[in-house]
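Shown next, in structure tokens, is the structure this report addresses.
The values are calculated or read from the model by the stated rules, or taken from the named source; none is laboratory data. The structure presented is a predicted model; accordingly, all values stated were derived computationally and were not measured. A quick note on method: Cβ atoms are made from the backbone with ideal geometry, for glycine too, and the neighbour counts reach across all protein chains shown. Surface accessibility is based on the protein's heavy atoms, side chains included, excluding ligands, DNA and RNA. Shrake-Rupley method; radii C 1.70, N 1.55, O 1.52, S 1.80 Å.
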Amino acid sequence: MEMRNPIDVRIIVEGASDVENVSRALQNIALGAEYHITISSIIPTTNTEIAKKAVNGADIVLIATDVDAPGRELAEKFQKVLKKEVGHIERMKLPFGHDVEYIDPALIRREIKNAIIRSGLLSIANLGRFREIKNRLKESEDKIKELKAEIKDLSSQKDELALENQELVDAQERLKLKQDNLQEEFKVTKQRYADVKNQYGMLINKNLYERFPIHELWKETFNETLDEEEHITFITSEFKPENIVLGQGFIAAPSKKDAVDWLKVIRTVLIFYDSKIEDLKEEIGDEKFTPHLLKE
């Protein structure tokens, strides 16, 4: 299949006389028909920077220099500088000591053709390498796609793990707060337990009182109604017996027997000294009521 555009070939020569010789040689050569190429420019220069600008975009660059040592060195310098600027560089040798008026254009024409042919043959030789590179490039592109997909998956997994990690951090903070609260509650409970244990110990070590309604206990003990509760209160407050507390219509003692025994004592006092109780209250006044006063 014919290529859309002809191959762009540019020729670098050393001077203006070489431009004339090359131009004369190209007059009788059909490069476009034979090779589908066009000589777009002939560049007379020995300056690499000028040459770099002049050959920019060319497919093939032919470096036309003398066959002597200076010509060879100049060609090598151009090849080194321009190899990354164009598709292919090929040297073509001009006859040593050529003269502008007598040089045979056929020699130059043949050298141009040979240089173009060499360029083509080298390009064909590089096709296998180019195909290999192309295949590698395709493999690399496929690998890049796979890596991109893998990176995307890893990025998604990273986001998920970051979210899970944040949830775990939040849960850990909540657990830490709950732990602190539980520790505080445990501390309070422990203190309460110590207080209750202390109170329990105190209760164990002291006599516990039982409370009885005084009228009911009197009725139960003596089978009679208690009419003078104030006398009982008066006598109890004066004698102040151990382990007996009386008031508010109740009598408290370590046991029911102790309460009953004290009521019996009071009843005995009331039997023998009932008529003297009011007198004693008046005689004593603010003085302390003691047992010896009842005996007099």
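Worth a mention:
- Some residue of the range 69-77 being of a type outside the set (Gly, Ala, Ser) and outside any helix (DSSP H, G or I): no
- For the range 221-236, the candidate set comprises residues that are of a type in the set (S, T, N, Q) and open to solvent by 50 Å² or more (accessible area, probe 1.4 Å); within that set, the residue that is farthest from Asp261 (Cα to Cα) is Thr225.
- Checking Thr46, Thr38 one by one, the residue that is assigned to a strand (DSSP E or B) and open to solvent by 50 Å² or more (accessible area, probe 1.4 Å) is Thr38 and no other.
- Filter result for Ile116 (open to solvent by less than 40 Å² (accessible area, probe 1.4 Å), β-branched (Val, Ile, Thr) and under 21 Å from Phe130 (Cβ atoms)): yes
- Pro291 more than 60 Å from the chain's Cα centre (by Cα) and at pLDDT below 85: yes
- Filtered residues of the range 238-263 (kept if open to solvent by 50 Å² or more (accessible area, probe 1.4 Å) and touching a residue at least 12 places away in the same chain (Cβ under 8 Å)): Phe239, Asn243, Val245, Phe250, Lys256, Asp258
- Test result for His88, open to solvent by less than 90 Å² (accessible area, probe 1.4 Å) and either at positive phi or at pLDDT below 80 (or both): no
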